[in-house]
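Here the structure comes first, spelled out in structure tokens, and everything after it is commentary.
The values are calculated or read from the model by the stated rules, or taken from the named source; none is laboratory data. As the structure is a computational prediction, the values presented were derived from the model and not from experiment. All Cβ positions, glycine included, derive from the backbone under ideal geometry; neighbour counts span all protein chains shown. Ligands, DNA and RNA are excluded from the accessible area calculation, which covers all protein heavy atoms including side chains. Shrake-Rupley method; radii C 1.70, N 1.55, O 1.52, S 1.80 Å.
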Amino acid sequence: MDNELWFYEPEDRDGYLSNFASYPLYIDGSKWQTSEHYYQAQKFTDPQVISLIQQAPTPDEAFRLSRQYQEQMRPDWDSIKRQTMSTVVSEKFRQHPHLAHKLIATGSCTIKEHSHQDAYWGDGGDGTGENNLGKILMEVRSSLKKQLPYKLLHYVETAKLPTPWGTFAMHGFVEPESGKEHLALSYGQWRKDEPVLMRIHSECLTGDALFSMRCDCGFQLQKALQNIVKNGSGVLLYLRQEGRGIGLLNKIRAYHLQDQGADTVEANERLGFAADLRKYHFCESMLSFLGINEVKLMTNNPRKVKALKKIGINIVERVKLQEGHNRHNHFYLSTKADKLGHMFEVPQNTPMSVEAITKDSG
Ligand SMILES: Nc1nc(O)c(N)c(N[C@@H]2O[C@H](COP(=O)(O)O)[C@@H](O)[C@H]2O)n1
Ligand SMILES: [Zn+2]
């Protein structure tokens, strides 16, 4: 998106950019219903007028009150108003990470407040205005892009993903350096103080899409989505790090070595790779977009637990996800438990039949 983005009314498509949009924020320990409330109140030094504006039921009323008390405006207002606006706009996006992701997703397009009323903050309606609010939004966008968690992944867009079990929202992200694409699937709503049921799933084309029984990936993927729907809400992060990070073709090379007797770890090592090259730090970006700090994590993999703790995510519970044990993956699962520390017991008895593992266990 390299052209112009116009915004004005908070109800419009990009209305989140407006100071009148309802995104409460805290500045200096006080709560402000909208950025407009804060901005208008800063024009005054009289605590009574400030409080009146702060309590205004709507941003339009805050704006109107500032006109009513115009005579009492601080004399240096003109010299501080741009900085005041810059502070409140930057705080709004810092305090609402979801909006920060959306702002960054506007790419490098020119942002304009398309306002017939205002040729200082807006474009004046005919494009001749100074557009200072648009300029501040673009400054905030540039600065956010360089900061954690936004610099790890950039949010791109959201669309519906209907599945046999329920309709998820599919959020697309891209790694700005490599162009690698990742997904977050979210289902339902959760409260801020509630741990979210979550699965972090690394891509396995063979298991997830081609029904392979060499591993347990496809079975775990299906069960995790089913569990989320059954729970009423949750998230699955789908990370594009195929073959534990070595890529699809190297995974086929590793499978070839396994066909000749190597286990999954030995095969990776013979190809010159570590047993597991995956990284999880960039999940911080997706989790900030989704507003998640606390999770119930569906995994058997201790590395995922450790990695999430490292980025400050509180794991209140680990939910076992043991699915799809069969005669083709029996040795693979045993190796994962023995050499990679996966937290499950591989049954000693004869592995289940194909029919038993493919039936809906939900
Ligand atoms: N390198 C490699 N060797 C194998 O033998 C494999 N089966 C895989 N599979 C990849 O492992 C990831 C899933 O593992 P967890 O269940 O999270 O431990 C996924 O990326 C598969 O493609 N890789
Ligand atoms: Zn797999």
At R0 = 51 Å, FRET efficiency that the Cβ-Cβ distance of Arg82 and Phe331 yields, to 0.05
0.15
Suppose we keep just the alpha-carbon trace of region 29-76; what are its Rg and Dmax in angstrom?
9.6, 28
Report the net charge of residues surrounding Pro24, where surrounding means a beta-carbon distance below 14 angstrom and charges are Lys +1, Arg +1, Asp -1, Glu -1.
+2
Viscosity 1.002 mPa s, 20 °C: Kirkwood-radius Stokes-Einstein D of region 122-257 over Cα pairs, µm²/s:
120
Helix 217-231 against the longest principal axis of the chain: what's the angle in degrees, Cα atoms only, rounded to the nearest 10?
50
For the chain, give me the percentage of DSSP beta bridges that are antiparallel, rounded to the nearest 5 percent.
55
Counting just the Cα atoms, what span does region 203-326 cover along each of its three principal axes? Round to the nearest Å and put the largest first.
45, 28, 20
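What number, in nm² with one decimal, is the all-direction average of the projected area of the convex hull of the alpha-carbon atoms of the chain? Display every interim value, and only then the final one.
Numbers: hull surface 85.2 nm².
So the Cα hull casts an average projection of 21.3 nm².
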Take Lys230, project a point 7 Å from its Cα along the Cβ direction, then tell me which residues of region 193-210 have their backbone nitrogen under 18 Å from it.
196-200
Extension length gain for Gln260 and Tyr120 (0.36 nm per residue less Cα distance), in nm, is 43.2 nm
Compute the distance in nm between two label points, each set 7 Å from the Cα along the Cα-to-Cβ direction, one at Arg13 and one at Tyr26.
3.6
Of the accessible area of region 109-176, computed with a 1.4 Å probe and all protein chains kept, carbon and sulfur make up a percent value of 54
I'd like the orientation of helix 248-259 relative to the chain: the angle between its Cα long axis and the longest Cα principal axis, in ° from 0 to 90, rounded to 10.
20
Please determine, in degrees from 0 to 90 and to the nearest 10, the orientation of helix 132-145 with respect to the longest principal axis defined by the Cα atoms of the chain, where the helix direction is its Cα long axis.
30
Take Arg191 and Val174, extend 7 Å from each Cα along the Cα→Cβ direction, and tell me the distance between the two endpoints in nm.
3.9
Between His98 and Glu130, what FRET efficiency comes out of the Förster formula 1/(1 + (r/R0)^6) with R0 = 30 Å and r the beta carbon distance, rounded to 0.05?
0.55
Please give the length that would be gained between Asp60 and Lys146 if that part of the chain were fully extended, namely 0.36 nm times their separation in residues minus their C-alpha to C-alpha distance (nm, one decimal).
27.6 nm
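Exactly which trypsin sites (Lys or Arg not before Pro) in region 152-238 are in a DSSP loop and have at most 12 other Cβ atoms within 10 Å?
Answer by residue number: Arg191, Lys192.
Just need the Rg to Rh number for region 33-117, please, alpha carbons only, Kirkwood Rh.
Across region 33-117, the Cα-based Rg/Rh ratio is 1.02.
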